[in-house]
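Asker: Let me give you the structure first, and then I'll get to my questions.
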Amino acid sequence: MQKELVIAGFGGQGVMLAGELLAEAGKEEGRYVTFLPSYGPEMRGGTANCDVIVSDEPIASPVIGHPEAAIIMNLPSLDKFEPLMKENGLLVLNKTLIPKEVQRKDLRVIQIDAQTVAKELGNEKVVNMILLGAYNEIEKTVKLETLKNALKHFLTGKKEKLIPVNEKALEKGAEIAREFLGVK
C-alpha cells in the first residue's frame, strides 16, 4: 500500500499542519513516510502546499508529480493541481473558497462547505482537519484514532486546548465522507 497526497492552499490555512499530522500518524503506525513542504514567497496569504506519502514499502522519492489524491483549500490551488491529477484521482475540496466546478470528469470529487462546518464546531481554523478527516475516511491511509493521537505532537503548550476541537473536526470530516460514500 502506498498513498500519495498533495495538500494545497493559502499560507495560514493549516496546510503544513495537516500534512505533518498525516505523516506522523503514518509513522506511528510503523509505515514509511515522507513530508515535503513547498511555500510561496509570501509568509501569510501566499500559496503553500505539501506532498505526503505513506507506504508499507520504502519510498523512492518524496516528490509527487501526478497526485492520486489532493486536499485543495482554495481556487488557485485547484487551478494548479487539477491538471496534474492522475486519472480516477480523488479531490477533496473546500467548497467555501472554490466557487467553480472541477472541469475533469475522470476524477472523484468531494466538495465540503468546510468553513460553515468549522463555524458550527466553534473554530473556523479547523477547516484543514475537516478536509483531512474526509480524505482519510475515503482513502483509509491511517486509522482515525492514530490521526487524533498525533495531534498531541503538534498542539502543545497554549495550543493544547485546541486538541478537542481538532479531534471533532477530524471526526466530522470522516462523517461527511461516509455520507458521500453512502456508508452509515
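The values are calculated or read from the model by the stated rules, or taken from the named source; none is laboratory data. Source: prediction; values computed, not measured. Neighbour counts are summed over all protein chains in view; Cβ atoms, including those assigned to glycine, are modelled from backbone coordinates with ideal geometry.
Asker: So which residues in the range 23-36 are of a type in the set (Phe, Trp, Tyr) and either assigned to a helix (DSSP H, G or I) or touching a helix residue (DSSP H, G or I) at 6+ places or on another chain (Cβ under 6 Å) (or both)?
Answerer: The answer is PHE35, and nothing else.
Asker: Follow-up question, since we're still on this one. Pick from VAL127, VAL142, VAL102: which is touching a residue at least 12 places away in the same chain (Cβ under 8 Å), of a type outside the set (Phe, Trp, Tyr), in a loop (DSSP other than H, G, I, E, B) and buried (at least 19 other Cβ atoms within 10 Å of the Cβ)?
Answerer: Going through VAL127, VAL142, VAL102 in turn, the sole match is VAL142.
Asker: Taking into account only those residues within the range 105-120 that are in contact with a Gly (Cβ under 9 Å, 6 or more places away or on another chain) and in a helix (DSSP H, G or I), which is surrounded by the most Cβ atoms within 10 Å (Cβ to Cβ)?
Answerer: This residue is ALA114.
Asker: Which residues, taken from the range 76-94, are in a helix (DSSP H, G or I) and either under 20 Å from LEU17 (Cα atoms) or at pLDDT 95 or above (or both)?
Answerer: PRO76, SER77, LEU78, PHE81, GLU82, PRO83, LEU84
Asker: Shifting gears a bit: Here is a list of conditions, (1) closer than 20 Å to GLU20 by Cβ; (2) in a loop (DSSP other than H, G, I, E, B); (3) of a type in the set (Val, Ile, Thr), and VAL165 meets all of them except one; can you say which number that is?
Answerer: Single failed check for VAL165: (2).
Asker: Any chance you could count how many residues in the range 60-72 are out of contact with any helix residue (DSSP H, G or I) (no Cβ under 7 Å at 6 or more places or on another chain) and assigned to a strand (DSSP E or B)?
Answerer: Residues that pass the stated criteria total 0.
Asker: Separate question: Within the range 109-124, track down each residue that is without any contact (Cβ under 8 Å) to a residue 40 or more places away in the chain, over 18 Å from PRO164 (Cα atoms) and not polar (S, T, N, Q).
Answerer: If the condition is that a residue be without any contact (Cβ under 8 Å) to a residue 40 or more places away in the chain, over 18 Å from PRO164 (Cα atoms) and not polar (S, T, N, Q), then VAL109, ASP113 are the ones that fit.
Asker: Given the residues GLU57, GLU20, GLU42, which is the only one that is part of a helix (DSSP H, G or I) and either among the acidic types (Asp, Glu) or modelled with pLDDT of 95 or more (or both)?
Answerer: GLU20
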